[in-house]
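What follows is one structure encoded as structure tokens, with my remarks underneath.
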Amino acid sequence: MRFIVHPEVKARAPEALAWVKEFLARFDMSLLGWLRIDFGREHRDQHGRIYYKFHGVYGRCWYPTEKQPSIRLSCQVPGPYPCEIITRKKPIYRNSDGTWPAEAKPHRGPVYCDASSGRQWKRVYAKTTVKNLNEGVVWVFAHEAFHWLRKTGQIPGRNSEIEADAFADQMLGKFRAIESRAKDQLFQPTTPRQPIPVQCELFGGP
């Protein structure tokens with residue numbers, strides 16, 4: 001598997017890349033051709049300065065084809081940070097008697113209908129905030145990795161954007177827990193809890 005990472009991502013998000021490599025090692029990567037993590041397509045303004053057309057985090061999972069027999073993951077993390085990701089949640093379905101559950105009231109978006117069954121629902125969205133580049137890498141990689149792992153039958157669930165977003169939120173929470181423990185260890189006092197007896201010598205006479 002080719003691991004293609006932008007040099008600036010390597011420099012600014014080493015903790016996230018270490019987490020990604022550890023995550024990958026738990027699964028069968030035989031169908032994974034490459035993983036790319038960068039800032040997206042670069043453009044230059046009239047002064048020659050680099051900028052990125054899109055913002056936040058986004059990605060894509062390519063499934064195998066006849067010409068390309070492997071799965072490929074592409075993750076773009078241009079930021080800026082912190083940034084909000086619009087996530088998809090489970091829809092709210094209308095009750096069989098025509099009423100809506102109480103949780104549907106705040107959601108005033110359009111009502112969708114399945115033509116074959118007549119079942120109606122409202123889509124539900126939420127926001128996940130990624131605070132820095134490390135978190136951006138973890139979230140978008142986990143989202144695209146879900147599609148790969150579900151496609152290859154390595155994890156359960158339905159291969160949908162709703163479940164991919166939920167998986168990414170879950171993995172981000174685990175990454176944050178690891179980071180929090182690391183910070184706690186870093187700032188723990190280094191002085192011993194119990195005094196250690198020390199042999200001293202006094203200089204000079206009485």
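FYI, it's all coordinate maths here, none of it is from the lab. It should be emphasised that the depicted structure is a prediction, and the values quoted were computed from it without experimental measurement. We place every Cβ from the backbone using ideal geometry, glycine too, and count neighbours over all the protein chains shown.
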Amide proton proximity set for residue 56, modelled H, under 5 Å, gap of 5+: 79
A chain fully extended from residue 18 to residue 99 at 0.36 nm per residue, minus the present Cα-Cα distance, gains in nm 24.2 nm
Whole-Hz ³J(HN,Hα) from phi, Karplus 6.51 cos²θ - 1.76 cosθ + 1.60, for region 142-155, glycine and proline x: 4, 4, 6, 5, 4, 4, 4, 5, 6, 4, 8, x, 8, 9
Report the extension gain between residue 68 and residue 1 in nm, rounded to one decimal, defined as 0.36 nm multiplied by the number of residues separating them, less their alpha carbon distance. 22.7 nm
If the cut-off is a Cα-Cα distance under 16 Å, which lysines reach residue 127, setting aside same-chain residues fewer than 8 apart in sequence? 89, 90
Ranking 147, 107 by Cβ neighbours within 10 Å, fewest first, what do you get? 107, 147
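Would you mind ranking 169, 28 so that the residue whose beta carbon has the fewest other beta carbons within 10 Å leads the list?
By the 10 Å Cβ count, ascending, the order reads 28, 169.
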Would you calculate the separation in nanometres between label points at residue 11 and residue 41, each defined as 7 Å from the Cα along the Cα-to-beta-carbon direction? 2.5
Per residue of region 101-118, what does 6.51 cos²θ - 1.76 cosθ + 1.60 with θ = phi - 60° give for ³J(HN,Hα)? Whole Hz please, x for Gly and Pro, Karplus curve as stated. x, 4, 5, 7, 4, x, 9, 9, x, x, 9, 9, 9, 7, 4, 7, 9, x
Go through region 160-171 residue by residue and turn each phi into a ³J(HN,Hα) via Karplus (6.51, -1.76, 1.60, θ = phi - 60°); whole Hz please, and just put x for glycine and proline. 10, 5, 4, 6, 5, 5, 5, 5, 5, 4, 5, 5
Among 122, 127, which comes first, second and so on when ranked by fewest other beta-carbon atoms within 10 Å? 127, 122
Of 155, 137, 168, farthest towards positive along the dipole that unit charges on Lys, Arg, Asp, Glu beta carbons give region 132-180: 155
